[in-house]
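Each reported figure results from applying straightforward, stated rules to the coordinates on display, with no laboratory input. Here the structure is a predicted model, which means the values were calculated and not measured. Please note: Cβ atoms are built from the backbone with ideal geometry, for glycine as well, and neighbour counts cover all protein chains shown.
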Amino acid sequence: MCGIVGYTGASQAAPFLLDGLKTLEYRGYDSAGIEVLGGDGRLRGVKCAGRVSSLAERCAKADLRSTCGIAHTRWATHGAPNDRNAHPHLDCTGRVAIVHNGIIENFSELKDELVAAGHSFASDTDSEVIAHLIEDAMAGDAAGDILVALRLACARLEGSWAVVAMSADDPGRIACARKGSPLVLASTDGGAYAASDITALAGVTSRVIQLDNGQFASLDADGSVRVFTETGDEVSSPDFLDIDWDASAATLGGYPDFMAKEISEQPEAIERLLKGRLTDNGIELDELEISDEEIAAIDRIYVVACGTSYHVGLITRTLIESWAKIPVVVEPASEFNYEDVLVTDHTLCVIITQSGETADTLASARKMHEAGARVFAITNVLGSTAARESDGVLYIQAGPEVSVCSTKAYTAQMVAAVLLTLYLAHRNGSMATGEVSRRYRELTKLPDLIRTVLDRSWQDKAAAHEFEHAGSALFLGRGVNSTTAAEGALKLKEVSYLHAEAYPAGEMKHGPIALLEPGFPVVTIVPNDRVREKTISNIQEVIARGATCIAVATDGDEDVASLVERVLWIPPTPEYFVPIVAIVHLQMLARYVALARGCDVDKPRNLAKSVTVE
Ligand code: AGP
C-alpha cells in the first residue's frame, strides 16, 4: 500500500524519484506526488490524482531542480483519491513535507488537538497530522532538527507507518521512521536513498540497510545514512541486506505487460526453486533449522495467508494431511487474527505471503509467536518483514512479481509447499525415501508441463470470446481443483472486473445452479483424476441448463470434449500437481478476457500489490 522514495545527494533528485515511483507503482496508483527543496531554500512540488505517468507529465513542466526530495504513490485509505489528498503533505508553514505509508489510527484526536491549537489542514488524510506534529516540534524541542522532530512526532502516533520527511529548515537532510510498514535505505557515493522496497533501489545499489520497527534514520547529502533507536541512540551495526536480483528482472523486457511476462516465467521459477533440493537424505530444507525430533512432535499446523496465497494454503492442507499425516487448520489471516487458537509447544504455523508485508498475515504470525508456536514463512521477497520475523524461511525465488495479479508466485509457492510437505513427511516417518524421490521427480517435470500449456495460449484467447457478453461467470472443480476454481475466479474478477464465483462442483446444485441460463460461462476443471466421472456429471447439469461450458481437461479426453463448447487442454499430470499446471490456462484466460474489456491487467482498479493495512 503506497510507495515512498527519498533522495539526498549530489545528483538531481527528480529523475530518481520519478523512476522510483514508477517501480513502486504496483503498491498503489490512485495519486502521486513529489516535493523537492529548491535552490531558493523553499519546498516546491507537484501532485495529482491518477498514475505516475500523469505526475511525470506535470513534472516535465515544473521547475524541480534540486538534489534533495521525497515522493509518493498512493493507495487511498483515509480521504478520496484526489489531488488534495495526494502526498506529500505539508505543514502550515509550507516548510515541512512528509510522505507516509500506513495508517495513523489516532489521527482524529490528533487532528482535533492540532486544529484547536491553530493548525489548518489541507487534506482529508490521516497522514497530514504528521507534518503538523513535526511543525510544532521543529519550532519547539527539536530546535530545527528534522530527525528529532520526526521522533517526537512519532511518539504521538498510534498505528503503522513508514515516514520520510524533509524540512526547508534542515536543508539537504531526510529523516525516516518505520513502524509496521517497510522501508529500506541505501548509502552510496552518489547520495543517500530511501524506498518502500528494494526494487526501487536495485539500479543504484546492491546493498541496502533495513530499518527495523521503531528505528529512525537520517540521510545526508554526503550519502551517509545513520540509524537510531526510538530513544535516539545511534545503532552501530544496522541490518544490511545484499540484493541479488538483477534490476532488469523488474522491467518488461519486450512483453506487453508484467502479467504476460510473469505467467511465462513460471517454468524457470520452479526450476530455480527445485534445484539441488533432493539429496540422499531426502528433501534438503536446512534453512528451516528444525530437528527430526521436533518435526516428529508437531501436533498441529496452522497455515495462514491472504488472497492467492490463501489458496496455496488450502492445497497445502490437503498435501500435509495426506502425506505428512499432521492435522492442519488453514485460515485467511484477516479472520484468523480474531479467533481462538490451540497452541502447544509442538504447534507449527506456516505463513504464505509473496510480498512478506501483508499486514493481516504478519499480525497472524505475531499472534502465533506470542502464543508460543514456531513460525515458518514461505515468501518471495528477500529480507521482507515475514522473513525477518519468522523462525524459518523458505524463499520461493520467483524474482520480482510486479503485476498486482499474482501468477508466478502462486505456482512457486505451491511447489514450495510441496517441498515442505515432502520434508515433513519424510522426517516424521510418514513417507519412505523412495516415495519422496518419486514425488520430487514428478515435480521436476512440472516446468515442461507448464511450457506445454503456455504454448497453448491460443486456446485461452479463443475461449475468452465466450465471456464477451457475460455479466458473471462460475468456476467449478472438485478436490484440490475446487481451489484451482477459486484461484481462477479470483484471477478473472481481479483483472477483468467481471464477477466470478467459484464452487466445489458437487455443491453447484445446492444454489448456484439457479444462476445458469443460455450463454452463462461456466469454467470446469475436470482432469483425469479420481473424481472425473462425478465432475462430468456436473458438466452435464450445466449443459442441460443451456450454459456455456469451458473445460480444463486432460489431453485426449474426448468424453469431455464432446460435451463442452471449449477445452483448455493440459498434458497428463500427477493428480496432486494438476492445480500447478491447470491454473496457467486460467491465468491466461483471465488476461485475455481483461484485455478484451480494455482493462489494465497489471494495475487493476482499487487494488495494491502489498496490502500493508489490516
Ligand atoms: C493476488 O492476485 C492478489 N493480488 C492478492 O490476493 C494477494 O495474493 C494477497 O494480497 C496476498 O499477498 P501476499 O502473498 O503478498 O501476502
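Taking the centroid of alpha carbons for each part, segment 285-328 and segment 365-393 are 14 Å apart.
Express the relative contact order of the chain as a whole percentage, based on alpha carbon pairs under 8 Å and six or more residues apart in sequence.
Working: 1429 pairs, mean separation 70.8, N = 614.
Worked out over the chain, it gives 12 percent.
Residues Leu241, Leu446 in ascending order of nearby Cβ atoms (within 10 Å, fewest first): Leu241, Leu446.
Straight-line reach from Lys603: taking Cα to Cα under 15 Å and skipping same-chain neighbours fewer than 8 places apart, the aspartates and glutamates in range are Glu25, Asp30, Asp257, Glu262, Glu401, Glu494.
Only counting other Cβ atoms within 10 Å, I'd like Asp280, Asp126 sorted with the fewest neighbours first.
On the way: Asp280 7, Asp126 23.
Ranked by crowding around the Cβ, least crowded first: Asp280, Asp126.
Peptides 532-545, 13-26, 576-589 ordered by packing proxy, namely the average of other Cβ atoms within 10 Å per residue, highest first: 576-589, 13-26, 532-545.
Which loop chymotrypsin sites (Phe, Trp or Tyr not before Pro) in segment 338-417, with loop taken from DSSP, have no more than 11 other Cβ atoms within 10 angstrom of their Cβ?
Numbers: sites: Tyr338, Phe376, Tyr395, Tyr410; in loops: Tyr338.
Here the chymotrypsin sites (Phe, Trp or Tyr not before Pro) that fit, given the DSSP loop and packing criteria, are Tyr338.
What shape does segment 221-374 take by its C-alpha gyration tensor, where a ≥ b ≥ c are the square roots of the eigenvalues and a/c under 1.5 counts as rounded, a/b above b/c as prolate, and the rest as oblate? Since a/c reaches 1.5 but b/c is at least a/b, the shape of segment 221-374 is classed as oblate. Using the structure shown, list the pairs from Lys461/Lys609; Lys47/Lys609; Lys22/Lys493; Lys509/Lys609; Lys111/Lys493 with a Cα-Cα distance above 32 Å, or answer none. Checking Cα-Cα distances, Lys509/Lys609; Lys111/Lys493 exceed 32 Å.
Look at the dipole of the chain built from charges on Cβ: of Phe376, Thr279, Pro521, the Cα furthest out on the positive end belongs to Pro521.
Which order do the peptides 356-366, 302-312, 513-523 come out in when sorted by mean C-beta neighbours inside 10 angstrom, highest first? Before the final figure, lay out the partial values.
Values: 356-366: 24.0, 302-312: 25.9, 513-523: 17.9.
In descending order of packing, they fall as 302-312, 356-366, 513-523.
Relative to the longest principal Cα axis of the chain, at what angle does helix 307-319 sit, 0 to 90 degrees, rounded to 10? On a 0 to 90 degree scale, this one is about 40.
Which shape class, rounded, prolate or oblate, goes with segment 454-596 when its Cα gyration tensor gives a ≥ b ≥ c as root eigenvalues, a/c under 1.5 marks rounded, and past that a/b bigger than b/c marks prolate?
Since a/c stays below 1.5, the shape of segment 454-596 is classed as rounded.
Taking the chain as the reference, fit the longest principal axis to its C-alpha atoms, fit the long axis of helix 578-596 to the helix C-alpha atoms, and give the angle between the two in degrees, 0 to 90, nearest 10. The angle comes out at about 60 degrees. Overall, the anisotropy analysis places segment 314-379 in the oblate class: the square-rooted eigenvalues a ≥ b ≥ c of its C-alpha gyration tensor yield a/c not less than 1.5, with a/b not exceeding b/c. Taking the number of Cβ atoms within 10 Å of each Cβ as an exposure proxy, the fewest-first ranking of His510, His87 is His510, His87.
Given a Förster radius of 35 Å and the C-beta distance between Glu289 and Ala10 as r, what FRET efficiency does 1/(1 + (r/R0)^6) yield to the nearest 0.05? Intermediate results must be reported in sequence, preceding the final value.
Values: r = 44 Å, r/R0 = 1.25.
Efficiency at R0 = 35 Å is approximately 0.20.
Each peptide in 96-102, 367-373, 113-119 was scored by the mean count of other Cβ atoms within 10 Å over its residues; highest first, the order is 96-102, 367-373, 113-119.
Need the full-extension length gain, Arg42 to Arg438, defined as separation in residues times 0.36 nm minus the C-alpha distance. One decimal, nm.
Extending this stretch completely gives an extra 135.8 nm.
Segment 491-548 and segment 42-105 have their alpha-carbon centroids 46 Å apart. Mean silhouette area of the chain, derived from the convex hull of its C-alpha atoms and averaged over all directions, reads 27.9 nm².
Of all DSSP beta bridges located in the chain, what percent are antiparallel, nearest 5?
On the way: 62 of 104 bridges.
Given both bridge residues lie in the chain, the antiparallel proportion sits at roughly 60 percent.
Angle of helix 408-427 to the longest C-alpha principal axis of the chain, folded into 0 to 90 degrees and rounded to 10: 70°. About its Cα centre, the chain has a charge dipole of approximately 1460 debye under the convention of +1 per Lys or Arg Cβ and -1 per Asp or Glu Cβ, with nothing else charged. Only one residue of Leu18, Gln210, Leu241 has its Cα farthest out toward the positive end of the dipole of the chain, where Lys and Arg carry +1 and Asp and Glu -1 on Cβ, and that residue is Leu18. Apply 1/(1 + (r/R0)^6) to the Cβ-Cβ distance of Tyr255 and His465, taking R0 = 22 Å, and write down the FRET efficiency to the nearest 0.05. The value I calculate is 0.45. Taking label points 7 Å from Cα along the Cα-to-Cβ direction, Asp239 and Lys325 give a separation of 3.9 nm. A helix-only calculation puts the chain at -10500 deg cm²/dmol for mean residue ellipticity at 222 nm, using -39500 (n - 2.57) for each DSSP H run of at least four residues, averaged over all residues.
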